[in-house]
Every structure is written in C-alpha cells, then in structure tokens.
1. Hey, what angle do you get for helix 222-247 against the long axis of the chain, alpha-carbon based, 0 to 90 degrees rounded to 10?
2. Please name whichever of GLY78, PRO62, PRO97 sits farthest to the positive end of the charge dipole of the chain, dipole taken about the Cα centre and charges placed at Cβ: Lys and Arg +1, Asp and Glu -1.
3. Just need the relative contact order of the range 16-96 here, percent rounded to a whole number, with Cα pairs under 8 Å and 6+ apart.
4. Considering the options ALA112, ILE266, CYS254, tell which one lies farthest towards the positive end of the dipole of the chain, charges being +1 on Lys and Arg and -1 on Asp and Glu at the Cβ, about the Cα centre.
5. Among LEU193, ALA233, SER146, whose Cα projects farthest towards the positive end of the dipole of the chain, with charges put on the beta-carbon of Lys, Arg (+1) and Asp, Glu (-1)?
6. As a test of the formula, what do you get for the chain when each DSSP H run with n ≥ 4 contributes -39,500 (n - 2.57) and the sum is divided by the residue count, at 222 nm and rounded to the nearest 500 deg cm²/dmol?
7. Cross-link partners among lysines for LYS145, C-alpha distance below 17 Å, same-chain residues fewer than 8 apart left out?
8. Which of VAL65, VAL101, VAL182 ends up with the largest GNM mean-square fluctuation for the chain, with Cα atoms connected below 10 Å?
Amino acid sequence: MQTRIGVIGGSGLYEIDGLTDAEWVSVETPWGDPSDQILTGTLDGVPMAFLPRHGRGHVHTPTSVPYRANIDALKRLGVTDVISVSACGSFRHEMAPGDFVIVDQFIDRTFAREKSFFGPGCVGHVSVAHPTCPRLGEACEASAKSAGINVHRGGTYLAMEGPQFSTLAESKMYREHWGADVIGMTNMPEAKLAREAELCYASVAMVTDYDSWHPDHGEVDVSDIIATLTGNAAKARALVAGLPTLLGADRAPCPHGCDRALEFAILTAPEKRDPALLAKLDAVAGRVLA
C-alpha cells in the first residue's frame, strides 16, 4: 500500500507549502459536503491531501464542522494517515503558548454533533481506548523537533462544545480534578470517526493560551490568541513538511491495528442490515462490508 497523508488544518492553518501538482478538488460524500474542497498534491514523493477544517475564510463553527463528511472524503481520496492540527488552550504551566502537544487521549464533552457513521440497520462498535496512532505520533514529534518546535509528547485533550470559552469554574475542574492537559473544540468526534474509518490518526495541538484558570492570564483574549495562531501556523507548516520523509512512500499495515479497527466491530446480522445505510458506508467500511 502507498502512504497518502491527510492533513486537517485547524484555526490558523489554511494551506500547506511545497506541494507539486497542487489542485483543489471537490469530493462528494453521502454525509454531505466536506468543510471545503481538498487540496491534493505530492510532497517529497508522497501524495498528500489537505482539508481546512473550518473552510477557507473560517466559515464553520466547531459544532457545524461536517466531521463525517470530512473523514469520508479523505478516505475516498485514498488517505491512509490523518494528521489533525488544531489550536488549543493549556492547563499546564509547562505547556506554554507557542508549544505543541502530541495528544494521545481525549475527554469528550461535546453534545451537539453526530459522532458515528453507524446507526440503526448497521450497528458498529470500535475501541477508542487508545484513540491516536503511536506511530504517527512519533513521526509528528520527530518532525516538530527537527523544525525547532518546543513539543510535548502525550497529553489529554478535553473536547468542549463551544463556541464560547470555558468559565473559570469549568477550567479549574478540567485541570485540577479531571486531569486534562489541553482544551479545544474540534478533535471530537473527529478522532472517533477516523477510527471507524480505519484511518491512523494523530493530533497535534498548538497551544495559544492558558485558558481561564491561570492566575496571571486572566480572561482568554481573542486578539492574543490570533497573534499566537500566526506564529503557530508557520510552525505547523514546517512540521507537516517533514512528515513525508519520516513516513515514507511505502506503507506497511499499522502495527497498532488502526487500519483494521472494524475487523470485529459490525454486530448487525448481514440479512438485517439496512441497504441504504450500507450504501453510505461504502468508503469508510467497505473493506469489511464487501
């Protein structure tokens, strides 16, 4: 199998540099339109696809992002490995604004989003005990260090609904009692859907602020966040640029089983499966439904 890297760019990251044969393409999915067209091309001999999560011009809120369509569209393009890049707030002194965190766990506090490709007529359950791919995380960490980015390996991402930022009480609870390290609004259900689609997934959280818990930080100021986003975006592009060399063009099966997550996940008997839903699952679950 050939490696094809998919990058989902969050706030501040709306493009990647250096692609040859770059082209914005439209992808139709049975889950609706993705956030935007997808930029395809090749970087250092490895095919890549870039999707701006909020759309060019930042038109989607964290809640309105069409997560299912985005993951389906990347799968249809042949993406094998997804790198999620997103802005976040930090609950830890050592995870300072401008730092990157390679997330490995999530606490999902979102409540207004469709979180699964499966449903009545085709019930599927995948494990998200370890929701990110260690192999991809290692590559992201190595690329970040090569680019001179202060990066932290491992961290728990609290996914909140938004679009408002946390109250002081919430921020303290997430930090002191729940053990979260960073907070954001977009990695869920994205990571869960990537696992259902049998895609390796890594989350790179770019710290923009200390949220509202920090005694010297005060209320989250959007103007400060935007200033930090600008610097983070350049770092993110440098991180992405190093991934093709690290991952290579030839791809072996994932040693952690991400690409086989549906092996025993479908519970609905074949004769009871809904043909309409099966048709919608052709890309994300076609391997096990064929």
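Nothing in this text is a laboratory measurement; each read-out follows from the coordinates by a stated rule. Just so it is clear, the structure is predicted and the values come from calculations on it, not from any experiment. Glycine gets a Cβ as well: all are built from the backbone with ideal geometry, and neighbour counts include every protein chain shown.
1. 50
2. Final value for the positive-end residue is GLY78.
3. Answer for the range 16-96 is 25 percent.
4. Result: ILE266, furthest along the dipole toward the positive end.
5. LEU193
6. Value at 222 nm, helices only, nearest 500: -8000 deg cm²/dmol.
7. Candidates past the 8-residue exclusion: LYS235.
8. Checking each option, the largest mean-square fluctuation is seen for VAL65.
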